[in-house]
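Reading through the structure tokens given below for one structure.
The values are calculated or read from the model by the stated rules, or taken from the named source; none is laboratory data. Just so you know, these numbers come straight off a predicted model, no measurement behind them. Don't worry about glycine lacking a Cβ; one is built from the backbone with ideal geometry, like all the others, and counts go over all protein chains shown. For accessibility, only protein heavy atoms count, side chains too; no ligands or nucleic acids. Shrake-Rupley method; radii C 1.70, N 1.55, O 1.52, S 1.80 Å.
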Amino acid sequence: MNIKTLSKKNFSQPDSVEVLEKSKFEVVKIEGFTFRRITFEPGFKWSIHIKPVKNDASCQLPHVGYFVSGKLHVAMDNGASEDFAAGDIEIIPPGHDSWVVGKESVIIIDIAENFK
């Protein structure tokens with residue numbers, strides 16, 4: 001990590017926004033990092049709502065982030081699974097499905113270096 005400049009951006013003015021069924025991805029890029037505020041609405045399931053758009057068998061992105069609200073169940077392709085809720089920090093490798101548990105929207109701040 002080679003940070004040399006004091007920088008500031010805000011999710012109130014994201015660089016891009018992608019809205020899909022029951023999900024929203026707000027992207028802010030700053031100093032070689034990408035921050036995504038991800039919102040999943042109640043009833044969201046990756047394999048139902050994102051899979052047809054991304055055309056992958058499961059989510060192939062790694063995730064490192066912080067859960068702001070809600071509860072999300074993550075099921076790995078290898079059979080491992082975990083529930084994440086507000087206050088949790090996630091490290092999720094590629095190869096997973098996920099879905100909202102309960103009636104509260106899930107909000108995650110996902111962080112990546114040189115995210116694609």
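When the Cα atoms of region 1-66 are aligned to their principal axes, the ranges along those axes come out at 42, 24, 19 Å in descending order.
This structure gives semi-axes √(5λ) of the Cα gyration tensor in Å, computed directly, and of [x] 30, 23, 13; [y] 21, 15, 13; [z] 24, 15, 14 that value is listed as [z]. Other residues lying with their Cβ under 15 Å from the Cβ of G95 contribute a combined charge of -3, Lys and Arg counting +1, Asp and Glu -1. Ignoring ligands, DNA and RNA, what percent of the 1.4 Å accessible area of the chain is carbon and sulfur? Roughly 53 percent, rounded to a whole number. Helical runs (DSSP H, four residues minimum) scored at -39500 (n - 2.57) apiece and divided by the length of the chain put the mean residue ellipticity at 222 nm at -1000 deg cm²/dmol. Charge dipole (Cα centre; +1 on Lys/Arg Cβ, -1 on Asp/Glu Cβ; no other charges) of region 27-116 amounts to roughly 320 debye. Remark: region 26-31, residue by residue, has Karplus-estimated 3J(HN,Hα) of 9, 10, 10, 10, 7, 6 Hz, where x stands for each Gly or Pro and the curve is 6.51 cos²θ - 1.76 cosθ + 1.60 at θ = phi - 60°. Could you tell me which residue out of S81, I109, H49 lies farthest along the dipole of region 34-113 toward its positive end? Charges go on the beta carbon: Lys and Arg +1, Asp and Glu -1, centred on the Cα centre. Checking the options against the dipole of region 34-113, the answer is H49.
Considering all different alpha carbon pairs of region 47-109, the Kirkwood hydrodynamic radius works out to 12.0 Å. Modelled spin-label separation between S16 and D88, with each label point placed 7 Å from Cα along the Cα-to-Cβ direction: 2.8 nm. Loop-located chymotrypsin sites (Phe, Trp or Tyr not before Pro) in region 6-96 (DSSP state not H, G, I, E or B) with no more than 15 neighbouring Cβ atoms inside 10 Å: F11.
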